Structures are given as structure tokens and as C-alpha cells.
Amino acid sequence: MKLDIDDLRFILALDRVGSLAALAREENVTPPAITKRLGQLEARLGVRLAMRTTRRLQLTHEGHLLAQHATGVIERMQAIEEALQQRSQVVAGKLKVHGPFGFGRRYLAPLLDTFRASHPQVEAQLFLSDNLVLPSQPVHGRDAFDVLVSIGEIPDSRWVAHRLAPNRRVLCAAPAYLRGAPAIESPADLAHHACLVLRENDEDVTLWRFTQREGGRGEPRPQTVRVHPAMESNDGEVIRQWCLAGRGIMVRSEWDVAASLAEGRLVALLPRHRLPDADVTALVPQSRIASARARLFVDMLKKAFRPRPPWRPA
């Protein structure tokens, strides 16, 4: 037999990373070892699978054909594994979860630990990043995530969304900043204040959007303001610490600031104006819908955040 499952996973990984050196780093082997493996696979098949350039590796027509068929084979094998596991009522295999840094550390890590304790045959993996980029095409095999937890607007995708919990965005500042600062009576006043800006996901983060319902009635009236950052970072925890230290005004998720607001360390501003909500959502790729691991973990997430999320105590 000229091909095995490891060959299929190898060609898919090579197509994904697009570099022999990058794949070597990912596999924790030397670049010559990856080059040798590719050469051996090409020799066995009698075709050239990739073209090497100084900057990037590209699959040949034959390489793309192999990757295309490899995707289908691995999907079918996963379906067989899931069917057998459901029959045996044993939950096993890899569970790869992706989530934001702060939320992941506070909530996903302990929940995944609890899930692993209940299902000891599961190999749990948690990857944290504040930059959620969903692939435009399905990702298959060992490189796919089973569950992605997102906060805020969900980009169009072929992923199945499970709403986990409500989460508002809050405009807030520390009492130390507000003492002696000009009054803040409307979003337009923010243009004259020190604002702390979180940069993530290539959004226009200096344009803050609000809606106001006059007297609690009528259609919400949109209001926007262009703020001029006094300080900015790509790390939400840094922004929160600056705000607590009295450096300026920030917009943060309710889950992150609810305790500080209750303790009086932060003060919510412009209560009649509302920022866009940033609900917490679990995303499962179409290819993982039948996965017992993904389904059970999403069920655990739902139970943890419903009917009232932990940042909204009774």
C-alpha cells in the first residue's frame, strides 16, 4: 500500500502551513526531516506533490488532488470513529477548543479541566487568542478546532452557532479618573477625554457606537463618536489595569468588569446609552456536529452559563 492516514494528514498540514520550515517547527522536527518525508512520499507515488520556492511551498495539481481526496477520507474516518464511540458510550479522542485570552483563562480553562476529569479518555487542548479568524473553507483532520468560543459579532461562516450567554459592553472609568474630570453627559463628550483603546480583529476601534432610547420609548437613536486614544494595547487585561489605575475611560465586556463595578473600583458611564452587545457564542464546524466530544462540551458550557451567567449574580 502506497498511502496511509499519516501521509494524508501530512499533505493536509503541508497545504495549510505552506512551508517546510513552518511544518518542521510545528512537528518539532528538523526541516531536512520534513523535506525527506515529502521526497519519500513523492517517490512512492511517482508524482511531484509540491513546488519549492525561496519563500513558500505550493502544492502541484497532483498535490492539490491528493489533499482534496485526503479531506474526504479523514472526514469519513472521523464519522466512523464517532459512530463507534456513540455505540460504546465512550467519549475519547482529541478535543481542541479555541477561545479569547481573558475569558479563556477565567472560564474555559477550569471548565475544560472539569470535562477532562469526567471523560479521562479525551485529550483536551485549549488554544487562546484574541484574534478570531474563521477559515473561509472548512478545516479538516487534526488541524481543525472542535469548538471555538467567541465574544461579540460572529462573522459569516459555515459554523453552527450556539448562544451561551448574554454579555453587554460597558463604558466605564475608575473614580480616580473621574474626580476633577469634565462631566460626561453624552457620547460627544468622550472626544475630550482620555480613552483607552483595545486593538483587535482589525476593527475600527476608535469609532465608538451607542444607541439611546429617549425616555425608554421610541426607536433607539444611534450616536457615534471618534475617540482619540490616550493609550492603546492589543491586550484587554492591560487596558483594564490602566483603567483601574485611573488612566482613562474604556469599553470592556460585562463579564470582565462586573465585579469591579459591584465593588466600586469602576463606575459605569452614560447609563442611558448602550453599546452593541457582545454575547458569548460557541461555534462548531459542520464537520464536528456529530462529535460526541464537541456536543458534550458545548452542553457543559450551556449549563455553566445558563440561566444566569456568573457575571450576573442573583
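The values are calculated or read from the model by the stated rules, or taken from the named source; none is laboratory data. The model shown is predicted, which means the values in this text are computed figures rather than measured ones. Note that each Cβ is placed from the backbone with ideal geometry, even for glycine, and that neighbours are counted across all protein chains shown. Surface accessibility is based on the protein's heavy atoms, side chains included, excluding ligands, DNA and RNA. Shrake-Rupley method; radii C 1.70, N 1.55, O 1.52, S 1.80 Å.
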Looking at the structure I just gave you, is Gly236 at pLDDT below 95 and buried (at least 16 other Cβ atoms within 10 Å of the Cβ)? yes
Within the stretch 8-47, of all residues that are touching a Lys or Arg at 6+ places or on another chain (Cβ under 9 Å) and touching a residue at least 40 places away in the same chain (Cβ under 8 Å), the one nearest to Ala67 (Cα to Cα) is Leu12
If you go through Glu263, Glu254, Glu214, Glu219, the only one that is more than 22 Å from the chain's Cα centre (by Cα), acidic (Asp, Glu) and modelled with pLDDT of 95 or more is Glu263
Quick count over the stretch 253-287, residues being open to solvent by 50 Å² or more (accessible area, probe 1.4 Å) and closer than 26 Å to His98 by Cα, is 4
